[in-house]
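Heads up, the thing below is written out as structure tokens.
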Amino acid sequence: MGLNSESGFWFILGGEARLWLEEGRLPGVVPAAFADRRAEPFDHWQGRPCYLLDLGEGEPGEGFAPLRSLMEAGDEEAFRLAGRAWQLVNFRRSHRFCGHCGAPAVPADREWAMVCREGHTVYPRLSPCIIVAVRRGPEILLAAHRRHHQAVDPMYTVLAGFVEPGESLEQCVAREVFEESGIRVTNIRYVASQPWPFPHSLMMGFLADYESGELTLQEEELVDADFFRAGALPRLPPHGTIARRLIALTLAAIEGEPS
């Protein structure tokens with residue numbers, strides 16, 4: 001029996017983070033259209049193997065949906081695994097040559113890595129970043145980010161940014177909030193993390209309290225920002241994101257306190 005005749009969960013990727021879905025779900029056996037393609041096992045879920053198949057960088061056509069559709073449907077574990085699959089695919093696509101000597105690189109035999117003829121080995125890239133909900137009394141700081149802004153019904157979310165060399169996560173929280181909003185925070189505390197495969201981030205979520213300062217936007221990053229009360233919130237990020245979880249935790253803490 002060949003690998004492509006086995007049942008499991010099939011993660012068939014094509015183009016830029018697009019995934020083959022059947023009625024919004026992952027196929028349990030390889031679709032006939034891809035039966036002649038070589039797939040690789042990369043994980044397990046619910047006691048069944050997960051297979052990865054990369055169709056390449058070209059537009060994959062009908063039947064493919066953005067990875068985010070799994071998250072928006074509330075299938076968090078499927079989204080996590082699809083994100084892992086996409087990060088492995090993106091890693092191989094972007095490391096076809098050794099960054100040390102320039103020689104062609106090929107997949108390693110026993111691990112997810114790329115290796116050149118000189119033996120230089122590289123592993124999938126992860127970019128650590130923080131994401132933080134800031135509270136000021138009965139209000140939460142929310143911002144409309146320029147990179148995904150839309151003029152009609154814009155989405156507001158919490159602040160985030162990449163960790164720089166030589167700084168702790170807490171230092172990154174304080175720096176990013178100040179750089180983007182002009183305010184200083186205190187009582188920084190960790191909540192949880194979420195892999196975010198766009199393209200290879202690891203989001204580490206925090207809560208923090210307002211300490212001082214007036215809102216001064218970093219305009220190349222933010223279109224707008226303000227402190228909002230629970231009864232007058234703008235459109236928020238979807239459920240399943242760590243941003244929405246941090247917002248929910250902050251609002252629950254506000255609502256749970258006596259007025």
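The values are calculated or read from the model by the stated rules, or taken from the named source; none is laboratory data. Everything quoted here is computed from the prediction, not taken from an experiment. So basically every Cβ, Gly included, is an ideal-geometry build from the backbone, and we count neighbours across all protein chains shown. The area values use the complete protein model at the heavy-atom level, side chains included, leaving out ligands, DNA and RNA. Shrake-Rupley method; radii C 1.70, N 1.55, O 1.52, S 1.80 Å.
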In Hz, Karplus ³J(HN,Hα) per residue of segment 207-222 (6.51, -1.76, 1.60; θ = phi - 60°; x = Gly, Pro) = 10, 8, 10, 4, 10, 6, x, 10, 4, 9, 6, 7, 5, 6, 9, 10
message = Mean-square fluctuation check for the chain, GNM, Cα pairs under 10 Å: which of V163, V106, V30 is largest?
response = V106
key: Cα gyration tensor shape for segment 85-170, rounded if a/c is under 1.5, else prolate or oblate   = prolate
query = What list of ³J(HN,Hα) values in whole Hz, one per residue of segment 74-79 in order, does the Karplus curve 6.51 cos²θ - 1.76 cosθ + 1.60 (θ = phi - 60°) give from phi, with Gly and Pro shown as x?
reply = x, 8, 5, 6, 4, 5
request  = Would you kindly calculate the translational diffusion coefficient of segment 135-259, applying Stokes-Einstein with the Kirkwood radius from alpha carbon pairs, for 10 °C and a viscosity of 1.306 mPa s, and quote it in µm² s⁻¹ without decimals?
outcome  = 106 µm²/s
note = Diffing segment 83-92: the Karplus 3J(HN,Hα) column from phi (6.51, -1.76, 1.60, θ = phi - 60°), in whole Hz with x for Gly and Pro, holds x, 4, 4, 5, 5, 5, 4, 4, 4, 5
task = Taking H placed 1.01 Å from N in the peptide plane, check which residues at least 5 places from A105 or on another chain put their amide H under 5 Å from its amide H.
result = F97, C98
note = Note on segment 205-259: alpha-carbon gyration tensor, axes a ≥ b ≥ c; rule is a/c under 1.5 for rounded, else prolate if a/b larger than b/c, else oblate; result oblate
query = Using modelled amide H (1.01 Å from N, peptide plane; none on Pro or chain starts), what sits under 5 Å from the amide H of G182, excluding residues fewer than 5 places away?
reply = T216
query = Going by a ≥ b ≥ c, the root eigenvalues of the Cα gyration tensor, does segment 1-103 fall in the rounded group (a/c under 1.5), the prolate group (a/b larger than b/c) or the oblate group?
reply = prolate
key: Environment charge of S168, counting only residues whose C-beta is closer than 15 Å and scoring Lys/Arg +1, Asp/Glu -1   = -2
inquiry  = Defining a contact as two alpha carbons under 8 Å apart and six or more residues distant in sequence, what relative contact order in percent does segment 159-198 show?
reply    = 30 percent
message = Under the rule of at least 5 residues apart or a separate chain, name every residue whose amide H is placed under 5 Å from the amide H of V223.
response = A144, H145, R146
note = Carbon plus sulfur, as percent of the 1.4 Å-probe accessible area of the chain, comes to 50 percent
remark   = Residues other than R146 with Cβ under 9 Å of its Cβ, Lys/Arg counted +1 and Asp/Glu -1, net out at -2
query = So how many Å³ per residue does the convex hull of the Cα atoms of segment 34-157 work out to?
reply = 216 Å³
Rounded accessible area per residue of the chain, 1.4 Å, Å² = 53 Å²
note = Taking alpha-carbon centroids only, segment 128-173 lies from segment 64-125 a number of Å equal to 27 Å
